[in-house]
């Protein structure tokens, strides 16, 4: 877009120069003084481009460019027409069939079609347009994803400091301090906030953005070897698709229905594999591009709640184990006694499998008892015992194995320069907040707000409660209590992993439907594939898990209900729920009804969603006339105890 604007400025000045030449030949034009100014401007812009002084060019363009951005209608119509031209001109030549009489005809690479989708528990269906890729194109995308132009790449120079809503981060790419996803009221709230009020937020983002990273070449070389040999190791997706099940030669409706469910499941798995392969290619493309750089930076911005994220979407330190294993700090530090200790703890944390729930001393002992395995992982990662593949986060684990090995083999381990990040995370941080808000002693102990000999594991606690409920239900008469059969089937499936995602998201308002789908995915991973069985079991397990949560975290549930009641009262006055965080960030809940409007394009009629004016524009009204429900009862937990907890971050 910047290049287009620069081009427009140069074109305007060129046309005015031509008009000036016409006026010399008797054609009316602008005054010589104006023409001279335009010619000087053109020369200045051209010279600055040649000297690569792009900030100066940008300043001139911003002052002189009077073009306006296209509205949504224009963008939709132009975009649809461009897609239409692609459909008409893009063809693919299938491979030659040696048995065929003549070469196969070229066929369209992309096809525009319509699909009809019906939804569970809803009447009617929706029809929508799709662009379908030829299978050969899809296969080609996997191999060429690395060549895609990726915007918002990591920066080789420190990002610009944040100074306002759209001032900071990238030098030329549009950068916004908050990801508002079209919520106008949220955008206006941040724009109106005085710069001084947001200074702490800006400084935090600048600190994150100025952290220098680099690629861990040794780990990247291992990843490349695995990926070039077909993947399917260390959680890397297999290069091959799952073979489609053959249709049974029968007219038995039950068998055919079973085959259809299985076929649908395999096709879904293959689509997911394709997406994962493309994702890995993009991550590795960035890693290969950056691997020879001494260091690079990730500009950060925030979501509407104030959580910070890197603006680059693929290879970053908040990404998957693959991303975290490939990245390390560009600026190393001597380990020291404390750093060496934490490196050993970090190895145990990454291995997981229950080891991460031991005391710190227990984790250090685990690492020291496996030094031979750690050395073998370092020396022969793919040709030795490959112990690192048993870790829950294998690539991060391998990176730390290499680092610890080099430190221990050096003449002075404590002065060894390490570049490894040691990640820290709260123990189910959402429930920690609720336990502190409600001064809940029981909840505080479950999420490590109080000191203990070893860390408490809230997920194992919930899993144990779920198991108790299911054992009780399994004893009931199936004729009276149909879920008794599901309880018997699930007793051997209950563990912390089954309930973990539901517990984590419960504090963010996960619904019964959401919990059911989360547990359904876990059961499917364990080989329960019968659709009727898995659906019924996931419904029952979700219900029991939410019940166990409510019993163990009664204070958290009462606070959540109170906040929900307050939100209903505020919404009844046609106002958004809003607050200001301790750092001064104004937050406006973005949840509001969306309206739709139709745009007729050359391809099809598009239905665009648009935020409605259901909520009022004012941000300064308070609610003096509203009566809110009384605050929930608080416990007697003393917040100062949190400072004494060694496992708050675990």
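The values are calculated or read from the model by the stated rules, or taken from the named source; none is laboratory data. Just so it is clear, the structure is predicted and the values come from calculations on it, not from any experiment. Using ideal geometry, Cβ is built from the backbone for each residue, glycine included, and neighbour counts are taken over all protein chains shown.
Identification of strands (runs of 3 or more DSSP E) wholly contained in segment 277-359 with 1 or more residues that are over 14 Å from the mean Cα position of the chain (by Cα) and in contact (Cβ under 8 Å) with a residue 40 or more places away in the chain yields 327-329. Select from segment 576-605 the residues that are farther than 30 Å from residue 439 by Cα and assigned to a loop (DSSP other than H, G, I, E, B) and write down the one among them that is farthest from the chain's Cα centre (by Cα). Once the filter is applied, the top-ranked residue is 602.
For segment 135-162, a residue qualifies if it is at pLDDT 90 or above and surrounded by 13 or more Cβ atoms within 10 Å (Cβ to Cβ), and the qualifying residues are 153, 154, 155, 158, 159, 160, 161, 162.
Taking residue 417 as the residue in question, decide whether it is in contact (Cβ under 8 Å) with a residue 40 or more places away in the chain and in contact with a strand residue (DSSP E or B) (Cβ under 7 Å, 6 or more places away or on another chain). Answer is yes for this residue.
Comparison of 155, 178, 148 shows that the only residue that is touching a strand residue (DSSP E or B) at 6+ places or on another chain (Cβ under 6 Å), touching a residue at least 12 places away in the same chain (Cβ under 8 Å) and closer than 30 Å to residue 393 by Cα is 155.
Examine segment 197-204 for a residue that is farther than 28 Å from residue 287 by Cα, touching a helix residue (DSSP H, G or I) at 6+ places or on another chain (Cβ under 9 Å) and at pLDDT 95 or above, and state whether such a residue exists. Yes.
In segment 225-235, the qualifying residues are those that are surrounded by 15 or more Cβ atoms within 10 Å (Cβ to Cβ) and more than 17 Å from residue 377 (Cβ to Cβ), and the one that is modelled with the lowest pLDDT is 231. If you filter segment 158-173 down to residues that are assigned to a loop (DSSP other than H, G, I, E, B) and without any contact (Cβ under 8 Å) to a residue 24 or more places away in the chain, you find that the one that is farthest from residue 228 (Cα to Cα) is 166.
Of the residues that make up segment 620-637, is at least one in a strand (DSSP E or B) and at pLDDT 85 or above? No, segment 620-637 contains no residue that is in a strand (DSSP E or B) and at pLDDT 85 or above. Checking 84, 39 one by one, the residue that is at pLDDT 75 or above and touching a helix residue (DSSP H, G or I) at 6+ places or on another chain (Cβ under 9 Å) is 39 and no other.
The selection criterion, being in contact with a helix residue (DSSP H, G or I) (Cβ under 8 Å, 6 or more places away or on another chain), farther than 30 Å from residue 305 by Cα and assigned to a helix (DSSP H, G or I), holds for residue 524.
Go through the residues of segment 256-264 one by one and say whether even a single one is more than 15 Å from the chain's Cα centre (by Cα) and closer than 26 Å to residue 396 by Cα. No, because not a single residue in segment 256-264 is more than 15 Å from the chain's Cα centre (by Cα) and closer than 26 Å to residue 396 by Cα.
Only one entry of 246, 272, 328 meets the criterion of being surrounded by fewer than 16 Cβ atoms within 10 Å (Cβ to Cβ) and over 30 Å from residue 180 (Cβ atoms), and that entry is 246. Restricting attention to segment 362-400, the residues that are surrounded by fewer than 18 Cβ atoms within 10 Å (Cβ to Cβ) and in a loop (DSSP other than H, G, I, E, B) add up to 7.
Yes or no: residue 522 surrounded by 19 or more Cβ atoms within 10 Å (Cβ to Cβ) and in contact (Cβ under 8 Å) with a residue 12 or more places away in the chain? So residue 522 passes the test. Given the criterion within 30 Å of residue 111 (Cβ to Cβ) and surrounded by 12 or more Cβ atoms within 10 Å (Cβ to Cβ), identify the matching residue among 601, 580. Exactly one of 601, 580 is within 30 Å of residue 111 (Cβ to Cβ) and surrounded by 12 or more Cβ atoms within 10 Å (Cβ to Cβ), namely 601.
Among the criteria (1) out of contact with any helix residue (DSSP H, G or I) (no Cβ under 9 Å at 6 or more places or on another chain); (2) in a helix (DSSP H, G or I), the one residue 545 does not fulfil is (1).
Taking segment 441-466 as the range and being part of a helix (DSSP H, G or I) and either touching a strand residue (DSSP E or B) at 6+ places or on another chain (Cβ under 6 Å) or crowded, with 20+ Cβ neighbours inside 10 Å (or both) as the test, the residues that pass are 443, 444, 446, 458, 459, 462, 463, 466.
Assess whether residue 491 counts as being in a helix (DSSP H, G or I), in contact with a helix residue (DSSP H, G or I) (Cβ under 9 Å, 6 or more places away or on another chain) and surrounded by 17 or more Cβ atoms within 10 Å (Cβ to Cβ). Answer is no for this residue. Kindly check whether there is at least one residue in segment 246-266 that is touching a helix residue (DSSP H, G or I) at 6+ places or on another chain (Cβ under 8 Å), at pLDDT 95 or above and either part of a helix (DSSP H, G or I) or within 30 Å of residue 588 (Cα to Cα) (or both). Within segment 246-266 (the criterion being touching a helix residue (DSSP H, G or I) at 6+ places or on another chain (Cβ under 8 Å), at pLDDT 95 or above and either part of a helix (DSSP H, G or I) or within 30 Å of residue 588 (Cα to Cα) (or both)), the answer is no, since none of the residues qualifies.
Across segment 566-577, the number of residues qualifying as touching a residue at least 12 places away in the same chain (Cβ under 8 Å) and exposed (fewer than 12 other Cβ atoms within 10 Å of the Cβ) comes to 1. Of all the residues in segment 129-155, those that are out of contact with any helix residue (DSSP H, G or I) (no Cβ under 9 Å at 6 or more places or on another chain) and either in a strand (DSSP E or B) or under 27 Å from residue 299 (Cβ atoms) (or both) number 6.
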